[in-house]
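Chemist: I have a structure I would like to understand better, so I am pasting it below and will then ask my questions one at a time.
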Amino acid sequence: MKKSIFLLSSSSVHGYGFLEYNKSAIQSFFEDIGGPIVFVPFAAAREEWDSYTEKVARFFATIGIAVRGLHTVDRERIFTDYKAIFIGGGNTFRLLHELQLRSLLQDIRAAVLDGRVAYMGSSAGTNMATKSICTTNDMPIVYPQQGFEALNLFTYQINPHYLDPEPETKHKGETRDQRIAEFHQENSTPVVGLREGSYILMGPDFGTTHKLFIGGQPGAKVFAPGKKPFEAPRETEFVLTPEGDVV
């Protein structure tokens with residue numbers, strides 16, 4: 001399977017520098033793809049776009065990959081001069097709102113599915129690769145006027161930063177499992193709870209083959225309506241069906 005879509009739960013893991021926890025996996029991904037890459041900082045506040053891009057560029061310089069911020073690139077060059085698009089973390093609603101304003105969703109989706117560019121997402125950028133942003137953990141600080149539909153490269157849902165329930169906790173607020181169960185009261189799409197430090201690799205034909213690879217030590221949990229959540233296979237390719245089963 002040609003892996004051209006790389007989705008991280010987060011960019012920062014306790015005890016490691018920015019993107020360092022998954023550095024070997026990132027380096028392996030870009031060995032086949034190369035660079036340069038264009039970075040999308042829109043999940044951050046506008047005044048932070050330049051500094052956010054610089055932070056990303058410093059990391060990628062350690063593996064020999066050049067980075068430009070999408071906000072500094074001529075639109076017609078985004079899909080011709082760059083080998084990959086990386087959408088970083090922050091607020092998912094703000095990210096989607098900005099991509100809608102710039103009419104970039106369909107262009108990015110088409111470029112990835114056509115094989116013109118690879119896609120890397122982290123946190124909000126991982127949410128953006130899914131069917132919709134309805135399983136993000138973020139507050140709706142802005143309202144995306146065109147709805148919540150995202151890139152639909154991963155045709156199911158992902159909950160980045162997924163946390164397992166802690167039976168002994170004194171906190172009585174909703175767990176992630178309860179939040180995802182609420183999602184399934186209104187939606188039938190399977191959800192992958194992607195734990196910190198874990199990632200998903202797949203090809204641009206995911207919607208046809210439903211074949212993916214989950215890496216990283218913590219792994220992921222799969223949720224589907226009417227079924228008991230289960231641990232996803234780790235460090236091996238597998239098929240996840242539209243009903244949320246592994247075959």
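Since every read-out is calculated from the coordinates, none of them should be taken as a lab result. This structure is a prediction, so every number in the text was calculated from the model and none was measured. FYI the Cβ positions are ideal-geometry reconstructions off the backbone, even for glycines, and counts take in every protein chain you see.
Chemist: Quote the FRET efficiency, to the nearest 0.05, computed for Gln145 versus Glu168 with a Förster distance R0 of 41 Å and r equal to the Cβ-Cβ distance.
Modeler: Efficiency, rounded to the nearest 0.05: 0.40.
Chemist: A further question on this structure: Sticking with the crude label model, points 7 Å out along Cα→Cβ, report the distance from Asp74 to His161 in nm, one decimal please.
Modeler: 3.8
Chemist: Between Ser51 and Asp107, what is the FRET efficiency for a Förster distance of 35 Å, r being their Cβ-Cβ separation, to the nearest 0.05?
Modeler: Efficiency computed from Cβ-Cβ geometry: 0.85.
Chemist: Go through (i) 0.94; (ii) 0.92; (iii) 1.03 and flag the label whose value is the computed Rg/Rh (Cα atoms, Kirkwood Rh) for this structure.
Modeler: Checked against the structure: label (i).
Chemist: Can you list the HN-Hα couplings for region 105-122, worked out from phi with the Karplus curve (6.51, -1.76, 1.60; θ = phi - 60°), rounded to whole Hz and with x for Gly and Pro?
Modeler: Couplings: 4, 5, 5, 5, 4, 4, 5, 6, 5, 7, x, 6, 9, 8, 10, 10, x, 9 Hz.
Chemist: Could you rank the peptides 129-136, 109-116 by their average count of other C-beta atoms within 10 Å per residue, with the highest value first?
Modeler: By packing density, highest mean first, the sequence is 129-136, 109-116.
Chemist: Moving to a separate point now. So which of Lys83/Lys131; Lys23/Lys55; Lys55/Lys221; Lys3/Lys83 end up more than 21 Å apart, counting from Cα to Cα?
Modeler: Over 21 Å Cα-Cα: Lys83/Lys131; Lys55/Lys221.
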